[in-house]
Structure formats: C-alpha cells, structure tokens
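Remarks on the structure that follows.
Bear in mind these aren't lab numbers, they're just calculated from the coordinates by the rules spelled out. The structure displayed is predicted, hence computed values, not measured ones. Using ideal geometry, Cβ is built from the backbone for each residue, glycine included, and neighbour counts are taken over all protein chains shown.
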Amino acid sequence: MLELRQVSRRVSGQVHLSETSLQLQPGTLSVLLGRTLSGKTSLLRLMAGLEKPSSGQVLFNGKDVTGQPVQQRRVAMVYQQFINYPGWTVRQNIQSPLKVQRRPQLEIEQETQRVAQLLRLEPLLDRKPLELSGGQQQRVALARALAKKADLVLLDEPLANLDYKLREELRAELPKLFAGTGAIIVYATTEPMEALALSGMTATLSEGRITQFGPTLDLYRRPHDLITAKTFSDPPLNTIGVHDANWQGAPRGASTLAFRPHHLTPGMGSGSALAFNVSVISTEITGSESFIHVARGADRWVMLAHGIHVYPSGEQLQVHVEPAHLMAFDALGVSLDPSLRRAA
Amino acid sequence: MKRLFQTIIPVLYIVFLLVPIYWLVNMSFKTNTEITTGLSLWPREPTLRNYTVIFTDSSWYSGYINSIIYVVLNTVISVAAALPAAYAFSRYRFFGDKHLFFWLLTNRMAPAAVFALPFFQLYSAFGLFDTHIAVALAHCLFNVPLAVWILEGFMSGVPREIDETAYVDGHSFPSFFVRIFMPLIASGIGVAAFFCFMFSWVEVLIARTLTATDAKPIVAIMTRTQSASGMDWGVLAAAGVLTLIPGAIVIWFVRNYIAKGFALGRV
C-alpha cells in the first residue's frame, strides 16, 4: 500500500502541492484528474521519489520511503512524451530495468518475449524506438514498465500525444495489461472521460489540492464540492445562482445550483422542471453530438444533445432541467446532497 | 543569366579562397632557387627535398609531435571538464547559474596576449615552463568555456525525462551518464572536441610564450626559420602543408555536425 501523509511541495515560494494525504491499495487503478498545473505531475513525481516532499511522509507498505532514492524503489513511470532510450533497440529498452537488477539471462529473455507479445512488439524488437510510430513508441515505454514488475506504476498522461483511435485502443488495453500484477496503478489525465472509461478510483485535483478521492462513479454522481464537480465535467458544468433559478425545492443554505450539459434539454419539460429562456451563441457539432452554447443573462451554459441540431445564433430558446439533475452547493461550494449529509 | 550567378560566382569565390593554399602546396614542391627566381604556376623541377628535411630533422618534426601532444591533452582535459559542467548547467538551477554561464563565455573575449604574461610568470613559478601540460592547461582557459557552451546546447536537446526514466529503471548516475546519455550527445562531444582541437592547434602566442625547446610547437618553429643561409622557403612551405593536414583530417570526421556546432548546438 502506498500512503502519502500530509505531503506538500513548494518550489521557491510557489505551492505546487498543498498538504495532501492519500492511500492507494495494491491491485487498484487510480486516476488523478485535473487540469494542467493542477499538481498531477508533482504528485506523481513525489510518489515516484523523483522529488522530495517539502513536508510530510511517503510510506510504502508501512515503511517510510520519503528520502529513498528512486533507483531503490520498485516504481515504473511512463510519460506523455514517448520516452525511450533512442540509441538502444526496443529489446534493449525493455531489458534495461531487468539488466540493472541482474536477473538471470534466461529470465530476461523470457520476460522480454512475454511483454513484447502482450504489447504486440515482437516484430519490432530489433528496431530503434525513433523508427516506430508514436503508438508503438508508447508501447515500448509501457513494455519497459511492465517488464520491471514494479509495485507502483505511474502513468503521466500516457495517451495524450496519441491520435484519437490509438488512444481509445490503448486505453482499453491498459487496465488489462497491469491486471493481476498486483501493482498500484496511478494514471494522471486532464480528461474526465478517460477517468470514466478506466473506472477504478479517481482523485480530482485543483490548484495543488486533492478535492475528493473515491470510486470514480461516486465522484461523478455525488461530488462533495463544486470544484470537484467542475473538474469532473466535460463539457464544463453549468451553474446558476440559487436566486436566479427561482426554485422552490432548493435546499436550505444553497447558494449555487449546477447541472451537467446533457441534462439541459430544449422545451418546457414536466411541471416540476425548471425552465429558462436562453439565447443561442453558437453550435458545435462533433458528429454524434451537438454542443449548443447558450447565454442566460451573464451565465454561459452548454447544452449537449444527441444527433445533429443546428440552432441559428441569436435564436431565443426555452430550455429546462429536471430538479433531480440539479446539484446544490452552499456559499463555500460544499455539496448539499442529502445522501452525503447522511454519510458525514 | 541565372545559371551564371549560380555556378560562375561560387566557383570564382572558391578559386579565390584556394589560391593561397595552392600556392603553398606549389611552393613546397619547388627548390629554393625556383621560388626566389621567378613566378611559375607549377613546379618546374618537382622535389621532395623540403619534406625530407622536415621528416629527418628533429628540430622540425619534434614540433609536430609537441603540438599534437599538447593539443590532444588539451582536448581530453577540456571535454572531460566540460561534460559535467555542461550537464549541471543544462539540468540544474542554482544560484547565479545564468551569470556564471555567461561569464564563461566572456573568457573568450580577451585577447590571448592579455594572458601571456600571467601565464608565463605562473607556469615558471610552478616549474611547468616548457612542458606540454603547461600549454594544454593554458589553452583550457579558452576551450573549456567553449566546450561547455557547445555541450550544454546538445544536452538541453535531450529531454530530462530520459534521465528520470533511467533512474526509475534503476540506473545509477554514472551508469546512466556513460551508457545512455553520452551516446545521445556523441555528435556534440565530437563537435566540442573538434573546436578544442582546432583552437589549440592554431593558437600561437600562448604556446610560444610557454615553451622554449622541449615542448616547442610547430607553429612557433615556423615563425623562426632564419638560418645562416637565409630563409629556407621550400621547407617552410612544406611545414605549412603538413600543418594543414591534421585540421583537414579532423574536419573530415565531423563535417556533418559542424554547422550544428557553430550554432553551439542550439538548432
């Protein structure tokens, strides 16, 4: 088990990570979800031991490893850029961590074959990484991580530089690759959809702070606070001040109401639905979905609709959201979801 | 018309550049009488006497040996010292790093003559006068900063993540540096070594000031060839030709990287 005990990281006065505690269990996959500069990479580097926390402790299986050099830890890391040793062949790249550990030659060969087969790199073993496509290069990096049999595998936006199709493919493969290794997998990403696709656990980060950590679907359905809800929403979450909404059913103390773009629908809806008059700003069509950007007073919202819908900009539209889809937050941004209240 | 500019003008320019070199080679195969008595575009009575003199007279060929010894020494010392320095500048942030980096370059802005006197005094005091190591160390003043600049550029072109990946894999720093990192910047090391070699090879003033007989470089011998019978033009020309050769050989090896080296690796 990897445990971070109130670790923080400051670099020349700037806070990269405020005090953070986290426990990750073996055999689990955890997603670190947050925008760029939210502290994902800082957190990964602290876990790896590439950087020392300014305060706090890192424990591995109960043992304090805070000051332990990265060479002595059983970690593997894969970066967003495809990082391999350019001068070495794919085979040498995969064998690098095994050779350092002075494993028997036979075992090294068998292990190379095994991971090369898993990642479909067998025909490429004698090529240099730079002769391969981006997807293949990243497979080499993953193969090296897999061959090392690390207890902690850190993936820093590993699919961000790949094109869409490869990304989907490799994302589906990833959890299977490491399944059964018993390793703690940590996967950093900026994309909420990736977190949902990988399932497992998710920690949302914002401004160097973990806002919430738990099973991915729990975070998505019942975010503890507004920042988490916003981080875990793509396209952006729609918000409205409770006074503007004029909703009788708003919980006491509510200050902001929020709802996801696909819960905003054209038309009047049922009797209890909240209806708004909005004007269309623009429409983006991705093929199977349309994003309709609308304005209501000073608020800018996004409406997500299936299929192709084109609204001329400037058109007045009546839209509604069902009360069941509204999330209420108090003035501090804390969720007023009654189910959470009970838990707390 | 366009063709004229594309071919004739470069050809003219190259011929213009090659004339002095041709003249040197031409002279080296002539006898002294032919050189002094008139103008001839090629040797009328070609002779190898001039080269024979150089290869048989130890006061001549020892100059080449001395030069090669201190130039190689200097190149090895400069690159060996510059590698860790350049790595530090490329990978770490420390107090005053940018100023220090620039200050290194300012060492190249002073004329060699400025340093001739202090070097002479210093090396004499340490009993290093007229030794190869004296010249090799003195040339480091110019070559280490240059090598640091060149190598830093090449090193910064290697992503830092490669270093980290090596550490994560379990490589120690020395193992990473020698087995993974140095091969990646091999062309940079080659270019840095080339520049050190060239500067040390062509530098006259400090080399002459710091030597008397035992370590006297060829460039110094060439400037003092008044003998009792007057100037020996032919031998001097042959010496000149032989002095060009090491540079030409080194350039041949690094010709593909040289432009990158002039950009100090910042391409």
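Amide H to amide H distances under 5 Å link A:THR66 with A:VAL58, where only residues 5 or more positions off or on other chains count and H is placed in the peptide plane.
Take the alpha carbon atoms of segment A:42-57, find their center, do the same for segment B:23-55, and report the distance between the two centers in whole angstrom. A separation of 73 Å, based on Cα centres. Using Cα-only point scatterers and the Debye equation, what is log10 of I(q)/I(0) for segment B:2-103 at each q in 0.15, 0.20, 0.23 Å⁻¹, rounded to two decimals? The Debye formula, applied to the Cα set alone, gives -0.85, -1.03, -1.16. For the protein assembly as shown, the fraction of C-alpha pairs more than 35 angstrom apart is 60%. Per the Debye formula with a single identical scatterer at each Cα and no solvent contribution, what log10 I(q)/I(0) holds for chain B at q = 0.07 Å⁻¹? Each listed q corresponds, in turn, to -0.35.
Calculate how many DSSP beta bridges within the protein assembly as shown are antiparallel, expressed in % of all such bridges and rounded to the nearest 5.
Numbers: 54 of 72 bridges.
The antiparallel proportion sits near 75 percent.
Near the amide H of A:ARG209, within less than 5 Å, lie the amide hydrogens of A:SER18, all on another chain or at least 5 residues away, with H placed in the peptide plane.
How do A:TYR220, A:TYR85 line up, fewest other C-beta atoms within 10 Å first? Going from least to most buried by this count: A:TYR220, A:TYR85. Remark: segment A:321-328, residue by residue, has Karplus-estimated 3J(HN,Hα) of 9, 6, x, 4, 9, 8, 10, 10 Hz, where x stands for each Gly or Pro and the curve is 6.51 cos²θ - 1.76 cosθ + 1.60 at θ = phi - 60°.
All alpha carbon pair distances within chain A were sorted into 10 Å bins beginning at 0; the resulting P(r) in whole percents reads 5, 22, 27, 22, 14, 8, 2, 0.
All other residues whose Cβ lies under 10 angstrom from that of A:SER206 are scored, Lys and Arg at +1 and Asp and Glu at -1, for a net of +1. Full extension of the chain between A:ILE308 and A:GLN6 yields a length gain of 103.9 nm, computed as 0.36 nm times the residue separation minus the alpha carbon distance.
Diffusion coefficient of segment A:176-335 by Stokes-Einstein, Kirkwood radius over Cα pairs, 20 °C, 1.002 mPa s: 125 µm²/s. In terms of overall dimensions, the C-alpha atoms belonging to segment B:113-167 reach 49, 23, 14 Å along their principal axes, ordered largest to smallest.
Report, please, the projected area of segment A:54-133 averaged over directions, based on the convex hull of its C-alpha atoms, in nm².
7.4
Each Cα pair under 8 Å and six or more residues apart adds its sequence gap; the mean of these over the residue count of chain B is a relative contact order of 32 percent.
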